Amino acid sequence: MKKALIISLLIASLLCAGCIGGSEEDNAKDVVRSYYNAYNNHDAETIVTLFSDDMVESSGGPEKLKSSLEQVFTSAEETNLSLKIIRFINVRILDDTAYVNLDVELKDDEREQMSNLTFKLKKNDKGTWKIDKITEE
């Protein structure tokens with residue numbers, strides 16, 4: 001009886017071993033969630049780490065991007081701007097590219113609006129999803 005229980009637990013743990021890292025879709029959504037958390041916390045440093053190298057370089061490099069984000073955060077503080085993920089609509093994975101489509105609520109002192117956005121993510125050399133482009137649908 002004890003041996004059967006141990007074997008059952010061993011099999012269950014082996015079956016769940018692949019679940020620990022999460023699915024590629026979940027990992028891509030986690031990057032988008034991290035972006036919104038960093039944005040609402042005015043954490044430019046974290047946002048820069050979430051962007052792909054190409055996106056950082058096309059923005060003038062990490063220091064210029066951080067400076068631009070800090071200016072955006074100053075304006076956001078003045079209007080009490082916050083961004084909130086309402087729902088994830090679709091996640092598509094094509095090799096080393098992910099497309100995450102979601103509805104977002106933008107709220108500040110003067111407005112409350114919904115936007116539909118698509119985040120294009122690319123895997124870097126370490127296999128980590130990085131934001132490569134954000135577009136409004």
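The values are calculated or read from the model by the stated rules, or taken from the named source; none is laboratory data. Since the model is a prediction, treat every value here as computed from it, not as a measurement. Here Cβ is always computed from backbone atoms with ideal geometry, including for glycine, and neighbour counts include all displayed protein chains.
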Counting just the residues of segment 21-69 that are small (G, A, S) and surrounded by 15 or more Cβ atoms within 10 Å (Cβ to Cβ), which one comes out farthest from I85 (Cα to Cα)? S59
Scan segment 98-118 residue by residue and report those that are within 14 Å of D26 (Cα to Cα) and of a type outside the set (G, A, S). Y99, V100, N101, L102
Conditions (1) surrounded by 15 or more Cβ atoms within 10 Å (Cβ to Cβ); (2) not β-branched (V, I, T); (3) not in a strand (DSSP E or B): number failed by D125: (1)
When you check E70 against the structure, is it acidic (D, E) and farther than 17 Å from Y36 by Cβ, yes or no? yes
Per-region count, segment 74-117, residues surrounded by 15 or more Cβ atoms within 10 Å (Cβ to Cβ), modelled with pLDDT of 95 or more and either among the β-branched types (V, I, T) or part of a helix (DSSP H, G or I) (or both): 5
